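What follows draws every value from the coordinates through simple rules; no lab data is involved. Computed from a predicted structure; not experimentally measured. FYI the Cβ positions are ideal-geometry reconstructions off the backbone, even for glycines, and counts take in every protein chain you see.
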Amino acid sequence: MSVDATTAMTAVPRLDAPSIITPLPGPRARAFIARDEAVVSPSLTRAYPLVAESGSGYVVTDVDGNQFIDFAAGIAVASTGHSHPAVVAAIKEQADRLIHIAATDFYEPRYIELSEKLAALAPFHEPARVFLTNSGTEAVEAAIKLARYYTGRSGIIAFEGAFHGRTMGALSLTNSKVKQRAGFGPLLPMVEHAPFPRVRTFRGPTGGDGSAELALLRETIFARTMAPTDVAAIVIEPVQGEGGYFAAPTPFLRGLREICDEHGILLVADEIQSGLGRTGAWWAIEHAGVEPDVVTTAKGIASGMPLGAMIAREAIWTWTRGAHGSTFAGNPVCAAAALATLQLLEDGLIDNATAMGERLKSGLERIAEPYAQVSDVRGMGLMIGIEFDTHAQSAAVERAAFERGLLILECGESTVRFCPPLIVDAAAVDVALDLFGQALAASLGG
Ligand code: PLP
């Protein structure tokens, strides 16, 4: 199915302003929350009391009929907007045809077509192979397993502030918030976290180009803790997501590539949040002109259907039959949704992410300027973070935005992230800016 850019955008329902018709949470929302609290795992975070009933484009409607402008996209997942007609059609068509077969044991056309497509999109020149997963964390697990298998080494270098998932292998690389690790050890041995260069530019440049952090990696970790010959992979988010929307500087990524080449280490780019068009390129690492050996993706790949992938250079796939697999991964309905999603991205949504990202970022800079409590506005494409001096401030702004009908989400220690569907248009961006301005004034004064 091919959908051109005009169709991709005109299929998007528009809303001039959110419509909040009850106190938040409304009566039906309160009733659901009470039931949820009685039965659902207490580990879930729940940023604010949104009880979603339906979604269309960049609009989410709650169980009381309140309508919100969604600039969180279910944590950067609803890349083509909620229930894009082309994605819904692909899902329905495939559900009628075949829901499940288990691609670990049988062949299936959608699995093959999607793998071909992802291999062609891989951010390196060599041919690629693909392993499909159900989630981001499983894509990272697959990368860890392939890197260990191929190199015969067990060490992994990840970075301070990183988030790679919550299963035991990926969690061992995660270094974002201690509550995500507390009580779960022992985690994987032979994992070291190196410093990640945090660059801020809004109030004057701080953070450098990453050369100090590269030196620390060589002089501290490699010289004292873990020999480079024991390291299978360096795993990095080219733009840290949960850690606070910090982009790795280009010289830093190039330096890591050099270190990997020097020591036979694989460079793994975790693009689960930053990939598939969100930063205005298929992969964020492309902005730096660096080719990784492995890339992981998930989140926006199938517009909300559970799917991920680990994509690696052909030469690395030394796995033999039975070495790795999954019952559900690459499910035909999810794969069909992914194929429709990738088509929409290709047909204009990535360019839209660049254009709307520039509009959003410059608008946020303008609105944030008078507030001394805003320490940074940063990001690329539709992956933009606004950092505050304290967590209390970012939490208050997030809540005030919700109460005005704008969905945004915190990340890092005191940052609010904007990661809307890539279908947002100028009108949606302007409404979001207006609501965010109101939220800043209400929570920070001014
Ligand atoms: N890697 C990155 C960069 C992420 O942002 C996330 C999720 O936020 C993950 C991995 C884990 O993905 P999932 O929650 O689908 O397991």
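May I ask for the distance between the Cα centers of segment 399-422 and segment 262-311, given as a whole number of Å?
What the calculation gives is 23 Å, centre to centre.
Which order, highest average first, do 39-52, 371-384 follow once you tally other Cβ atoms within 10 Å for each residue and take the mean per peptide?
Details: 39-52: 11.4, 371-384: 22.8.
With the highest mean Cβ count within 10 Å placed first, the list reads 371-384, 39-52.
Using only the alpha carbon atoms of segment 259-320, find the Kirkwood hydrodynamic radius as the inverse mean reciprocal pair distance, in angstroms to one decimal. Present the calculation step by step, with values, prior to reporting the outcome.
Numbers: mean 1/r = 0.0791 Å⁻¹.
Hydrodynamic radius (Kirkwood, Cα pairs) of segment 259-320 is 12.6 Å.
Which whole-percent values make up P(r) of the chain when all C-alpha to C-alpha distances are grouped in 10 Å steps starting at zero?
Cα pair-distance distribution for the chain, in percent: 5, 21, 31, 27, 13, 3, 0.
Take the Cβ-Cβ distance between Tyr149 and Arg218 as r, set R0 to 30 Å, and report the resulting FRET efficiency rounded to the nearest 0.05.
On the way: r = 26 Å, r/R0 = 0.87.
According to the calculation, E is roughly 0.70.
Let me have the relative contact order for segment 250-330, percent, based on Cα pairs under 8 Å that are six or more residues apart.
Details: 92 pairs, mean separation 19.7, N = 81.
Relative contact order here is 24 percent.
Determine the relative contact order of the chain: mean sequence separation of Cα pairs under 8 Å and six or more apart, normalised by residue count, in whole percent. Spell out each step's value before the answer.
Details: 964 pairs, mean separation 102.4, N = 446.
Reported as a whole number, the value is 23 percent.
May I ask you to list the aspartates and glutamates whose Cα is less than 14 Å away from that of Lys177, ignoring any residue fewer than eight positions away on the same chain?
Reachable aspartates and glutamates: Glu160, Glu242, Glu410, Glu413.
What's the ranking of 274-280, 395-401 by average number of surrounding C-beta atoms within 10 Å, highest first?
274-280, 395-401
May I ask you to list the chymotrypsin sites (Phe, Trp or Tyr not before Pro) in segment 94-174 that are in a DSSP loop and have at most 10 other Cβ atoms within 10 Å of their Cβ? Please report the intermediate quantities before stating the final value.
Numbers: sites: Phe106, Tyr107, Tyr111, Phe124, Phe131, Tyr149, Tyr150, Phe159, Phe163; in loops: Phe106, Tyr107, Phe124, Phe163.
Qualifying residues, ordered by number: Phe106, Tyr107.
Hey, if you drop one equal point scatterer on each alpha-carbon of segment 87-342 and run the Debye formula without solvent, what base-10 log of I(q)/I(0) do you get at q = 0.16 Å⁻¹?
-1.18
How high is the relative contact order of segment 301-446? Use alpha-carbon pairs under 8 Å, at least six apart in sequence, and give a whole percent. Mind showing how you got there, number by number?
On the way: 172 pairs, mean separation 31.0, N = 146.
Once divided by the residue count of segment 301-446, the mean separation gives 21 percent.
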